[in-house]
Amino acid sequence: MTLTGLHWRRIRLFSALGIMISLSLGLILHALKTNINAYVTPTGLLQSEQIEAPKRLGGLVESMSVVYDQYHKVHFAVSDGNQQVNVVFDGVLPALFEEGKGVVAQGHYDLAHEVFVAEQVLAKHDENYQPPLPA
């Protein structure tokens, strides 16, 4: 059986479509992989080989650990139940930030002072979140 011109056109069309779909999926997967904002726990941070590299630290704010210093910086501890990391942040904390609640801090670990220097702090809430009532 020989292939006619119509068969060759269909083969080329389906081949081109397959290549275009493959390239599109590859670009989408690459974009999703580079935009994932995962975080490490205190245990993962302290076990990391690149401990001072920029990271996102996530866990629970330890009770009785939030302290403001004379320079208006806030110090608090983040724990995952196994390890605890001290965090320092110079900025305005989110409204949902409180002891015992989840938090994600973006920054780097200062190995000399053994503290995580946060550039941004995000408060986490559970699935039962209710916005505060207007005052």
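If Met20 satisfies every condition in (1) in contact (Cβ under 8 Å) with a residue 40 or more places away in the chain; (2) open to solvent by 100 Å² or more (accessible area, probe 1.4 Å) but one, which is the exception?
(1)
Can you tell me how many residues within the stretch 66-90 are of a type outside the set (Asp, Glu), under 20 Å from Val40 (Cα atoms) and either part of a loop (DSSP other than H, G, I, E, B) or open to solvent by 40 Å² or more (accessible area, probe 1.4 Å) (or both)?
So the answer is 6.
Tyr68: under 17 Å from Ser48 (Cβ atoms), among the hydroxyl-bearing types (Ser, Thr, Tyr) and modelled with pLDDT of 90 or more, yes or no?
Considered against the rule, which asks whether it is under 17 Å from Ser48 (Cβ atoms), among the hydroxyl-bearing types (Ser, Thr, Tyr) and modelled with pLDDT of 90 or more, Tyr68 comes out as no.
Any residue that is of a type in the set (Lys, Arg) and either touching a Pro at 6+ places or on another chain (Cβ under 6 Å) or surrounded by fewer than 10 Cβ atoms within 10 Å (Cβ to Cβ) (or both) - is there at least one of those in the stretch 42-57?
no
Say we look at the stretch 91-112 and pick out the residues that are surrounded by 16 or more Cβ atoms within 10 Å (Cβ to Cβ) and either of a type in the set (Val, Ile, Thr) or in contact with a helix residue (DSSP H, G or I) (Cβ under 9 Å, 6 or more places away or on another chain) (or both); which of these is farthest from Gly59 (Cα to Cα)?
Per the stated criteria, the residue is Tyr109.
Return yes when Leu29 is in contact (Cβ under 8 Å) with a residue 60 or more places away in the chain, in a helix (DSSP H, G or I), more than 30 Å from Pro132 (Cβ to Cβ) and under 21 Å from the mean Cα position of the chain (by Cα) and no when it is not.
Here the answer is no, as Leu29 does not meet what is asked.
The values are calculated or read from the model by the stated rules, or taken from the named source; none is laboratory data. Here the structure is a predicted model, which is why all the values come from computation and not from measurement. Ideal geometry is used to build each Cβ from the backbone, glycine not excepted, and the neighbour counts take in all protein chains shown. To get the accessible areas, we keep the full protein, side chains included, count just its heavy atoms, and leave off ligands, DNA and RNA. Shrake-Rupley method; radii C 1.70, N 1.55, O 1.52, S 1.80 Å.
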